[in-house]
């Protein structure tokens, strides 16, 4: 072993140990393990977490009675209420980070840095609200007041699981607003294979269903011999989680011997509640499922691993593990609403029960793809905010030095903001070289216009324009 490191140089040593846990304050709510595991809903939700319950031994490396750490998975993202971020006894004290009002076990999830950052932003917004309104933290967390704080956070691309924006100042949320586009992606379709995996274990693909009935799903397979394929269609529990909850259809289908072939699975399922559904293919040694490395928002692939349990922890919520960077080839019938322009003004700026973004058809060279909001009346506009797709699915993108690109290829690079003034379209802002998920344009003057158009001219590599949200303010 020593020879392996003979030519290594010691580059850095952490001279100050980082403590994961020290003092915590008590708020009106103490977040518990049950709240995290059950993904409890809160009227004053202001931040979210998703890390597993990562419980470290109290005595660290000197504890010889328990493992150094135990990882127990949670079923999905959860919210943290504002009542965990202020003191129960000190009337004007907010806190955020690793000192929030939480039990030891709940803190093993909330203590990670991205969650702490969310908590800090939420505490700051709440503190500003208290100063502006002259109210106490407890009053700010009331059902009558907390909505304004939540809207402020959502406007800044802060995420609260399941909470749609209803900002009354946003012209794009106003009554009568109509969204149209030059084109939209017609359906879920991952049909450009660049690999294949053996169906030696159960495998699953997740997608959203909007329509009242799903007739069929097609999968791209290879079969070494004639065989029967077992399948099941699942849906989630209605809370936006990404794990199977109920089986709504199942059966078998004959697969003839042969190379790459699309196999139609006649699910014929009634969709009681639109949202995430999952097609599971049962393990079959005679089959291979073709894959592609390219992604499509709202489609994820999973591998069956049984009830995941080992010496460090367990996952009792699902027998599937997410595949990163690999997608099973699948296609569904056309669904114009799934990636249609109305998604950009539905109040959700991230996938929740559905993709929640507008995706154009592949653009032709030199051709703009545009998203248009018709307000139905003339109104003053001074500010336009756009939220683009920065690939929130990718695992820790910023940490890998082996990425083949420096900028997320899904980001919109060049676009124009156009307003319809007096019946004619006018370009009021040209944005070039954008690298941001959230880009806000504030005009030098207020315009009176009855429609807004976002004209996408180029991305950083994706042939399709992908936009989560457009907001407009006077």
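Give, in nm to one decimal, the length gained when the segment between residue 104 and residue 324 is fully stretched (0.36 nm per residue of separation minus the Cα-Cα distance). Working shown, then result.
On the way: separation 220, 0.36 × 220 = 79.20 nm, distance 3.04 nm.
Stretched out fully, the residue 104 to residue 324 stretch lengthens by 76.2 nm.
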Checklist line | Cα-based shape type of the stretch 52-209, given that a ≥ b ≥ c are square roots of the gyration tensor eigenvalues and the cut on a/c is 1.5 | finding: oblate
Note to self: From the helices alone, meaning DSSP H stretches of at least four residues, give me the mean residue ellipticity at 222 nm for the chain, per-run term -39500 (n - 2.57), in deg cm²/dmol to the nearest 500.
What the structure shows: -3000 deg cm²/dmol
Notebook entry, point to check: Where both residues lie in the chain, what percent of DSSP beta bridges are antiparallel, nearest 5?
Noted result: 95 percent
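Bear in mind these aren't lab numbers, they're just calculated from the coordinates by the rules spelled out. Here the structure is a predicted model, which is why all the values come from computation and not from measurement.
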